[in-house]
Amino acid sequence: MSLDLGPRPWTFLLDERPPAPGRLRLVQALVNTINLETGKDAIDTPPGLEAWLSEFELLPAGGSVLDSDVARARELREALRLLIRRNAEPAVDAGAAAGTVSRVAASGRLTVEFGPDGTARLRPLDPGVDGSLAAVAASAFEAMTNGTWTRLRACLRCHWASYDRSRNLSSRWCSMRYCGNRTKTRAYRQRRNGC
Ligand SMILES: [Zn+2]
């Protein structure tokens, strides 16, 4: 299934940009479960969160999703968005956000699992939704260690997350034709009106 996030006139442009690689896509997908322009939120109910977790194969076996899970998932989403925003806006205070993601990781009991082939990965021991959310935090950790994290960017205007593959990390907008132009037009009008 695909998540219906309501009318986004630039959706077709976003679709032209490939999603973040590997499991970092989990972070991008969670951050983009809400359209901040319209307020439409795909995970603001237990069935909505269940559908999202199911889409990314994170749904606990036999587990049910509660209202409290929805609250924690949305809290994690906004904490990750703040951390991503910091990639392009170093002045953003992400201290509380970092604490939130750390708590999610602890609640899901993230543990390092070593393989016989010399590899290791983070795995949540909690079998419920706490573990599912911790898996998203684990993908953020992996991206921070493999260097892909800083390429995940939040649009400076609408805070939609996209993966920047440009050589010099020049991406600032979800879409130049949408947020980029709207911002430039507003700046032009303000200059013209002398304010
Ligand atoms: Zn935007």
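Quick note: the coordinates plus some simple rules give every number you see, no bench work behind them. Keep in mind that what you see is a predicted model, and the values were worked out from it rather than measured. Every residue, glycine as well, gets a Cβ built from its backbone with ideal geometry; the counts of neighbours run over all protein chains shown.
Tabulated data
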| quantity | calculated |
| --- | --- |
| GNM flexibility winner over the chain from A140, A154, A91 (Cα, springs under 10 Å) | A91 |
| Projected area averaged over orientations for the chain, convex hull of C-alpha atoms, nm² | 13.0 nm² |
| Potential lengthening between R103 and T183 on full extension [0.36 nm per residue; Cα-Cα distance subtracted] | 25.2 nm |
| FRET efficiency, K40 to A71 (Cβ-Cβ, R0 22 Å, nearest 0.05) | 0.75 |
| Rounded to the nearest 20 debye, dipole of the stretch 13-192 from Cβ charges on Lys, Arg, Asp, Glu | 1480 debye |
| Leading residue at positive end of dipole, the chain (Cβ point charges), from L59, P18, P127 | P18 |
| Environment charge at A29 (Cβ cut-off 11 Å; Lys +1, Arg +1, Asp -1, Glu -1) | +2 |
| Furthest towards positive pole of dipole, G99, C158, P47, structure part the chain, Cβ charges | C158 |
| Net charge dipole size for the stretch 99-195 [Lys, Arg +1 and Asp, Glu -1 on Cβ; Debye, nearest 20] | 1240 debye |
| The chain: relative contact order in percent, alpha carbon pairs under 8 Å with at least 6 residues between | 22 percent |
| Three semi-axes of the equivalent ellipsoid, the stretch 112-195, Cα gyration tensor, whole Å, largest first | 40, 15, 8 |
| Computed lengthening from T145 to S64, 0.36 nm per intervening residue step minus Cα-Cα distance | 25.9 nm |
| Unit charges on C-beta of K, R, D, E only; dipole of the stretch 15-93, Debye | 280 debye |
